[in-house]
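One structure below.
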Amino acid sequence: MKQTKNNEILKIEKLKKYFNVGKDKKGPIYVRAVDGVDLNIKDGETLGLVGESGSGKSTIAYTVVGMYRPTSGQIMFKGKNIGIEASRRALSLKKEIQIVFQDPGSSLNPRQTIEQILTLPFRIHTQTPKRQFRKKMVELLEKVELSPDYLYKSPPSIGGGEKQMVAIARAMALNPSLIILDEPTSALDVSVQAKIINKLIDLQKEMNLTYLFITHDLSLMRNVADRIAIMYLGKICEVAESATFFEKPIHPYTQMLISSVPVVTKEEENLKPKKVISTGEIPSPVNIPPGCSFHPRCLYKMPICSKIDPEMIEFSPGHIVRCHLFAKLENKK
Amino acid sequence: MKTKEDILLNIKDLHVWYRVYSGYLKVLNGIRLMVREGERVGLVGEAGCGKTTTMKSILQILPPGDFHIPQGQIFYKGQDVLKMSFKELLRLRSREIAVIFQDPTAALNPVFTIGNQIGDVIKYSATFKDNVHKEKIKTQSIKALKEVYLPDPERMYINYPFQLSGGMRQRVCIAIAISSPRNLLIADEPGTSLDVTIQDQIHRLLNELVEKRNTAIILITHSLGVAREMTDRIYVMYAGTIVETATPEILFKNPVHPYTKGLLASVPKISGGGIARGIPGKLPSYLNPPSGCRFKLRCEQEKPICSEKPPQLLEIEKDHLVACYLTQR
């Protein structure tokens with residue numbers, strides 16, 4: 001059971017991350033990868049961050065772990081601002097936030113054995129005596145259901161699913177409180193994905209972990225996340241509990257996403273919004289359309305949409321949406 | 001009008017091996033697959049189960065010198081592809097079968113314009129005797145680009161692939177495939193490298209074009225959901241064998257083979273309800289595949305007979321064939 005659901009472990013406020021990609025006559029050109037994001041994650045929950053490629057979801061992840069320094073905005077972790085690069089963070093803070101990358105083939109060093117890979121966090125962060133390493137390693141591998149003989153194998157000699165399990169074990173090694181999962185299963189087959197997801201859910205209960213789960217797979221999120229946030233071009237469109245999310249999607253982009261998911265049963269088909277069909281493509285984050293960034297693809301576009309960027313509105317408790325369609329409703333009330 | 005009863009492609013007991021340093025990888029192990037004219041067939045399986053090898057053997061574009069076909073036949077319109085001369089194969093590839101590859105970035109040549117690449121396909125698909133003029137090729141290419149709803153096809157014609165987005169590149173690949181009349185279209189995971197909304201658009205476009213032209217299509221995919229929405233009949237592949245084939249309605253209502261069941265249960269659903277535990281174990285090594293049924297090591301209902309010889313694909317009801325001893329006496 002998840003107990004303390006109310007204290008926020010991570011709070012992101014007006015986070016912006018721009019990348020300088022060159023210059024023209026008007027001045028420097030920026031890729032606005034993350035453009036004013038507010039998000040909070042409660043202790044012990046799983047927040048799903050969903051978006052198409054280029055929407056800035058990985059940039060958020062990398063900023064939270066400290067691979068990038070935010071352009072502006074705050075990242076509060078357990079009440080402390082951590083909006084600085086990892087090199088300037090305290091060691092005890094780095095231990096608390098861990099990340100699992102998308103492709104385990106490139107996140108594990110192919111020239112090291114699994115033992116070398118898994119001992120590194122202990123050597124950096126703890127003063128565990130060397131003779132206890134072995135015991136710790138075996139315990140770690142047991143956690144992810146791998147046998148101890150994997151210690152002497154190297155990443156290229158094991159399968160993709162097993163590699164990802166090793167990467168997860170490495171992230172779990174020091175009992176962190178927040179784990180960022182950056183598309184951990186999108187490179188894997190469904191039967192392997194199911195195994196890894198179930199393991200992650202078990203470990204979360206066992207170790208009281210908080211997950212920030214980044215993915216482009218909506219149907220996976222339905223089964224994993226407590227809450228889902230949808231991102232589009234560096235901004236959050238809609239945040240809601242995962243059940244409400246699929247029963248009553250209100251943002252036009254969310255509706256488009258859900259209607260695009262290929263499904264395998266009749267019940268699922270009934271959940272898909274019928275009238276919405278997907279059109280257009282995500283524009284480049286260098287030239288973000290003025291006003292609401294989604295308006296060129298939107299089916300309910302109004303004149304106001306191309307001029308003013310909508311504000312975040314609380315549609316119902318816990319259900320936040322950023323769209324002019326609902327701003328009007330609010331004003332009428 | 002073509003009838004759906006005419007058999008276009010018939011693969012019989014196909015075995016394909018790849019030569020490696022330590023022996024042969026016995027990848028395909030008795031594939032049986034049939035495509036009727038105008039039929040949409042889905043080939044579903046996980047990574048490494050031989051879907052792409054099947055596609056490549058139909059066109060005979062397997063890596064030269066590295067493969068070995070110990071037995072099997074591939075009949076296209078009654079003629080065995082494996083016994084065709086080089087000239088006949090060229091004809092097959094240029095006029096009869098078109099392919100859409102998984103990665104549009106790799107499929108298009110970065111140093112030629114889009115127009116150039118479509119034009120080539122049209123040039124070689126037309127009868128060689130006919131003197132097709134440049135203008136004619138151009139109008140036909142632009143017509144093809146229009147048909148896949150690319151904005152501003154005239155400009156697209158002189159663009160290079162890197163100037164387009166991933167979704168647009170895949171549309172160009174589809175335009176190339178449909179630019180000349182073909183009887184069979186093989187789409188190898190056409191939407192996999194794209195986002196869901198773009199994938200949905202590409203699939204709808206393919207469906208529309210196939211219906212309009214009455215072309216048969218083999219859709220290779222790893223997603224059961226895509227196969228369900230796109231095809232008339234689904235073949236489920238596991239480790240180089242066809243384990244089950246049925247129409248989507250039957251397959252999703254009543255899956256019989258333990259592998260199909262496990263695969264279906266592993267698919268996350270948007271109606272919620274959690275995910276099953278997945279299928280234990282992993283694909284067997286192709287170097288020394290297990291004797292008999294190739295799924296037996298991961299199967300929970302393994303019987304002694306499973307190790308004796310591979311199960312045959314037998315009909316258990318109309319349009320529903322299963323290769324498993326659990327359903328056979």
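Just so it is clear, none of the values below were taken in a lab; they were calculated from the coordinates. Computed from a predicted model, the values in this text were never measured in an experiment. Every residue, glycine as well, gets a Cβ built from its backbone with ideal geometry; the counts of neighbours run over all protein chains shown.
Throw me the Rg/Rh for region A:214-285, computed over C-alpha atoms with Kirkwood Rh, two decimals.
We get a ratio of 0.94 for region A:214-285.
What aspartates and glutamates could a cross-link reach from A:LYS14, if we take a straight Cα to Cα line under 12 Å and drop same-chain neighbours fewer than 8 places away?
A:ASP35, A:ASP38
Nearest 5 is fine: what % of DSSP beta bridges in region B:7-327 come out antiparallel, could you say?
Percentage antiparallel, nearest 5: 60.
Which of the chymotrypsin sites (Phe, Trp or Tyr not before Pro) across region B:1-88 are loop residues per DSSP, with 12 or fewer other Cβ within 10 Å?
When the chymotrypsin sites (Phe, Trp or Tyr not before Pro) of region B:1-88 are filtered for loop state and at most 12 Cβ neighbours within 10 Å, B:TYR21 remain.
Could you work out, for region B:134-270, what percent of all Cα-Cα pairs fall into each 5 Å distance bin, beginning at 0 Å and stopping at the bin that holds the largest distance?
Cα pair-distance distribution for region B:134-270, in percent: 2, 9, 18, 19, 17, 13, 9, 6, 5, 2, 1, 0.
Under a plain spin-label model, where a point goes 7 Å from the Cα along Cα-to-Cβ, how far apart in nm are B:LYS83 and B:ARG277?
According to this spin-label approximation, the distance is 5.1 nm.
List the residues whose amide H sits under 5 Å from the amide H of B:MET237, counting only those 5 or more places along or on another chain, with H placed 1.01 Å from N in the peptide plane.
For B:MET237, whose amide H was placed from the backbone, the distant partners under 5 Å are B:VAL44, B:GLY45, B:VAL243.
With a Cα-only, solvent-free Debye model of region A:234-326, what are the log10 I(q)/I(0) values at q = 0.13, 0.19, 0.21, 0.24 Å⁻¹?
-0.47, -0.95, -1.12, -1.33
Below 8 Å, C-alpha to C-alpha, sequence gap of six or more: please give me the relative contact order for chain A in percent.
19
With every atom except the alpha carbons ignored, what do you get for Rg and Dmax of region B:225-292, in angstroms?
Here Rg and the maximum Cα pair distance are 13.5, 41 Å.
Quick check: pseudo-label points 7 Å beyond the Cα along Cα→Cβ at A:LEU299 and B:GLU135, how many nm apart are they?
Calculated label separation equals 4.4 nm.
If the cut-off is 17 Å between C-alpha atoms, which lysines fall inside it for A:LYS205, apart from same-chain ones fewer than 8 positions away?
Of all the lysines, those that pass the test against A:LYS205 - Cα under 17 Å, at least 8 places apart if same chain - are A:LYS2, A:LYS5, A:LYS42, A:LYS143, A:LYS195.
B:ASN254 to B:ARG204: extension gain in nm, 0.36 nm per residue of separation minus the Cα-Cα distance?
Extra length from B:ASN254 to B:ARG204 when fully extended: 15.3 nm.
Within 10 Å, at most 15 other Cβ atoms, and a DSSP state outside H, G, I, E, B define an exposed site. Report the longest part of chain A free of exposed GluC sites (Glu not before Pro).
Between the exposed loop sites, the longest stretch runs A:146-310.
Can you give the FRET efficiency for A:THR128 and A:ARG89, using 1/(1 + (r/R0)^6), R0 = 22 Å, r = Cβ-Cβ distance, to the nearest 0.05?
0.50
Treat every Asp and Glu Cβ in chain A as -1 and every Lys and Arg Cβ as +1, leave all other atoms uncharged, and give the resulting dipole magnitude about the Cα centre to the nearest 20 debye.
With Lys and Arg at +1 and Asp and Glu at -1, about 980 debye.
Out of all Cα-Cα pairs in the protein assembly as shown, roughly what percent, to the nearest whole number, are more than 44 Å apart?
Tail fraction, whole percent: 27.
How long are the three semi-axes of the equivalent ellipsoid for chain A, computed from the Cα gyration tensor as the root of 5 times each eigenvalue, in whole Å, largest first?
The equivalent ellipsoid of chain A has semi-axes of 36, 23, 19 Å.
If exposed means no more than 15 neighbouring beta carbons inside 10 Å and the site is in a DSSP loop, what's the longest run of chain B without any exposed GluC sites (Glu not before Pro)?
Counting only loop sites that pass the neighbour cut-off, the longest clear stretch is B:6-299.
How big, on average over all directions, is the shadow cast by the Cα convex hull of region B:1-130, in nm²?
About 10.6 nm², averaged over all directions.
Taking a 20 Å limit on the Cα-Cα distance, which of the listed pairs A:LYS235/A:LYS274; A:LYS16/A:LYS235; A:LYS163/A:LYS199; A:LYS16/A:LYS95; B:LYS253/B:LYS303 fall beyond it?
Violating the 20 Å limit, Cα to Cα: A:LYS235/A:LYS274; A:LYS16/A:LYS95; B:LYS253/B:LYS303.
Starting from the Cα of A:LYS205, step 7 Å along the direction of its Cβ; do the same at A:SER147; then give the gap between the two resulting points in nm.
That separation, rounded to one decimal, is 2.7 nm.
So how far, in whole Å, is the C-alpha centre of region B:250-329 from the one of region B:58-84?
Spelled out, the Cα-based centre of one part sits 28 Å from the other.
Restricting to DSSP loop positions (anything but H, G, I, E, B) with no more than 11 other Cβ atoms inside 10 Å of their own Cβ, which trypsin sites (Lys or Arg not before Pro) remain in region A:62-129?
A:ARG111
Remind me, what semi-axes does region A:1-93 give for its equivalent ellipsoid, largest first in whole Å, using sqrt of 5 times each Cα gyration tensor eigenvalue?
They are 28, 16, 10 Å, listed largest first.
For region B:77-167, what are the per-bin percents of Cα-Cα distances with bins 5 Å wide, up to the bin holding the maximum?
2, 12, 20, 21, 18, 13, 9, 4, 1
Rounded to a whole number, what is D in µm²/s for region B:185-329 from Stokes-Einstein with the Kirkwood radius over alpha-carbon pairs (10 °C, 1.306 mPa s)?
The calculation lands on 94 µm²/s.
Measuring from the lowest to the highest alpha carbon on each principal axis, how far does region A:1-155 reach, largest first, in angstroms?
Each principal axis gives a Cα extent; for region A:1-155 these are 60, 40, 30 Å.
For chain B, what does the convex hull of the Cα positions come to per residue, in cubic angstrom?
Looking at chain B, the number lands at 156 Å³ per residue.
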